[in-house]
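The values are calculated or read from the model by the stated rules, or taken from the named source; none is laboratory data. If you're wondering where the values come from, they're calculated on a predicted model, not measured in any experiment. No Cβ is skipped: glycine too gets one built from the backbone with ideal geometry, and neighbour counts run over all protein chains shown. Note: accessible area is taken over every heavy atom of the protein model, side chains too, but ligands, DNA and RNA are not part of it. Shrake-Rupley method; radii C 1.70, N 1.55, O 1.52, S 1.80 Å.
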Amino acid sequence: MLFRLTGMEGRELLLIPGPVSVEPEVLEALGRPVRAHYGDDWAADYALLTENLRQIFRTRGDVFLLFGPGTAANEAALASALAPGDEVIVCSNGMFGERLRDLSVALGLQVHLVAAEVGYPLLPELVEAAISQHPAARLLAVVHHETSAGLLNPVREICRLGRRHGLLTLVDAISSLGGVKLEMDDWGIDICSTVANKALGGPIGIAPLAVGDRVWAAVEDGRAKRPGWYLNLSNWRDAPRTQSPIHPHPTTMPTNVIDALAVAVKQILDSGLEERHRRCAAAADRVREGLGELGFSMVVEPPYASPLCTAVWSRPGMDVAHYQKWMRSERGLRLGGGLGRLYGKSFRVGHMGRAAEPDVVDRFLNATSDYLALRTA
């Protein structure tokens, strides 16, 4: 039944905050014959992709394409720039802020947590108070898009504040880059992580990481770091020199995945980054309007509600797990569940990839209306 009821690619449509259902041209690139991960042509294509991503990050810094999840990019950033025992200020108002905290602790860093309740933004005044209390801190880390609550944190104000106090700033833009405004250099972001398989509209497997000059100064400050080998940013920077210009990364890479990401990134730039932002925001507005008409309320309201993911409170007496199962089995639509303290009380709808298409939004709203009608019949 699932196969029969799903979208044009014969699989369920993903209305979750990543991974996303990708465009047919991206799928086509994934299905091409495997190419070598070195050579003049490969190095040229790789360089073009990193340059295009630089435009999306809005940075003059270096961009690396780590093979792995976004957590790998964040670990590379923290472990390469900081030494065990260093103090860091980590901002958290959801599951992925907590991930940054846990990752920092695992690396032997001394964490000072700035916390807000799930569904509420991390306000700059909270961060400034923490900076004043911990003057020895070297780095400030914050999640841009906290998908567990469907919330955007004010990272521009937070990072400019951190820069004024001399801290390095790390932004986890894993689920935001490409789908909402982010200006790495202008906002004072020193290092920024993302993944291919969310707002960029690419496949799973690549975690782009953008690195500014101030980070390289920390990497090279002579203090003992413990990034290992693969996650050592120095190895990524030096690969074209230590190996070969035609081998621009330290290890074998998933060439088809990178080629597919290149297609997705080109689609963004061809249509315009602002148009991609508008498309996602329009889908979010329509979903929230339609769900509101059906009696639902949102976990986060403007101005901090994310245009890329909406967390929705369940209606009284509603079995969220049953609703998700019905939407998937009967209509071929996979929704995200609540995470952490929101588990069982909410569900999440992504507005990235094909989930931002108007006909997919209408299909979701109609299916939800049908489900409610069946449950009250």
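Run through every distinct alpha carbon pair of the chain and return the Kirkwood hydrodynamic radius in angstroms, one decimal place.
Working: mean 1/r = 0.0469 Å⁻¹.
Result for the chain, one decimal place: 21.3 Å.
When the GluC sites (Glu not before Pro) in the range 226-301 are filtered for DSSP coil states and for at most 15 other beta-carbon atoms within 10 Å of their beta-carbon, no site remains. For the Cα trace of the range 93-161, dividing Rg by the Kirkwood Rh returns an Rg/Rh value of 0.94. Pair-distance distribution P(r) for the range 275-336, from all Cα-Cα distances in 5 Å bins starting at 0: 4, 16, 22, 26, 20, 9, 3, 0 percent.
Tally the DSSP beta bridges in the chain and give the antiparallel ones as a percent, rounded to 5.
Numbers: 22 of 43 bridges.
Approximately 50 percent, going by the DSSP bridge assignments.
For the range 126-190, a/c is not less than 1.5, where a ≥ b ≥ c are the root eigenvalues of the C-alpha gyration tensor, and a/b tops b/c. That puts it in the prolate class. Under the criterion of Cα pairs below 8 Å and six or more residues apart, the relative contact order for the chain equals 25 percent.
Neighbours of Leu152, meaning other residues whose beta-carbon lies under 15 angstrom from its beta-carbon, give a summed charge of -1 when Lys and Arg score +1 and Asp and Glu score -1. On the basis of the beta-carbon distance and an R0 of 25 Å, Tyr343 and Tyr120 show a calculated FRET efficiency of 0.90.
Computed with a 1.4 Å probe over protein heavy atoms only, the accessible area of Thr242 comes to about 90 Å².
The alpha carbon convex hull volume per residue for the range 26-169 rounds to 141 Å³.
Compute the signed sum of charges (Lys and Arg +1, Asp and Glu -1) over the other residues within less than 14 Å, Cβ to Cβ, of Ala210.
Numbers: positive: Arg54, Arg58, Arg60, Arg214, Arg237; negative: Glu51, Asp62, Asp172, Glu183, Asp185, Asp186, Asp190, Asp213.
With Lys, Arg at +1 and Asp, Glu at -1, the neighbours total -3.
Put a dot 7 Å past the Cα of His322, heading toward its Cβ, do the same for Glu289, and the two dots end up 3.1 nm apart. When the scattering of the range 193-262 is computed by the Debye formula from its Cα atoms alone, each counted once and equally, what is log10 I(q)/I(0) at q = 0.15, 0.17, 0.22 Å⁻¹? Each listed q maps to, in turn, -0.62, -0.78, -1.11.
For a test of understanding, tell me how many lysine pairs in the chain have Cα atoms under 22 Å apart, given they are 8 or more places apart or on different chains. Intermediate results must be reported in sequence, preceding the final value.
Working: Lys181/Lys198; Lys181/Lys266; Lys198/Lys266; Lys325/Lys345.
Step by step, the pairs that qualify in the chain add up to 4.
Where the alpha-carbon atoms of the range 204-353 are placed on the principal axes, they occupy 61, 38, 33 Å, in descending order. The range 279-332 and the range 150-168 have Cα centres separated by 29 Å. With the alpha-carbon atoms of the range 98-216 aligned to their principal axes, the span from lowest to highest coordinate is 42, 34, 30 Å, starting with the largest. Stretched out straight at 0.36 nm per residue, the stretch from Ala129 to Glu330 would grow longer than its current Cα-Cα span by 67.3 nm.
With runs of 4+ DSSP H residues as the only contributors, calculate the mean residue ellipticity of the chain at 222 nm using -39,500 (n - 2.57) per run, divided by the residue total and rounded to the nearest 500. Intermediate results must be reported in sequence, preceding the final value.
Working: 13 runs with 159 residues, N = 377.
Theoretical 222 nm ellipticity from helices: -13000 deg cm²/dmol.
How much length, in nm to one decimal, is gained on full extension between Thr242 and Leu48, taken as 0.36 nm per residue of separation minus their Cα-Cα distance? Don't jump to the answer; show the numbers that get you there.
On the way: separation 194, 0.36 × 194 = 69.84 nm, distance 2.08 nm.
Answer, rounded to one decimal: 67.8 nm.
Remark: spin-label model distance Leu113-Asp185 equals 3.7 nm, labels positioned 7 Å along the Cα→Cβ axis.
Both radii come from the Cα set of the range 298-366: Rg as radius of gyration, Rh as Kirkwood radius; their ratio Rg/Rh reads 0.96.
Longest segment of the chain with no chymotrypsin sites (Phe, Trp or Tyr not before Pro) in a DSSP loop having at most 16 other Cβ atoms within 10 Å?
Values: sites that count: Trp229, Tyr230, Tyr343.
Longest stretch, sites excluded: 1-228.
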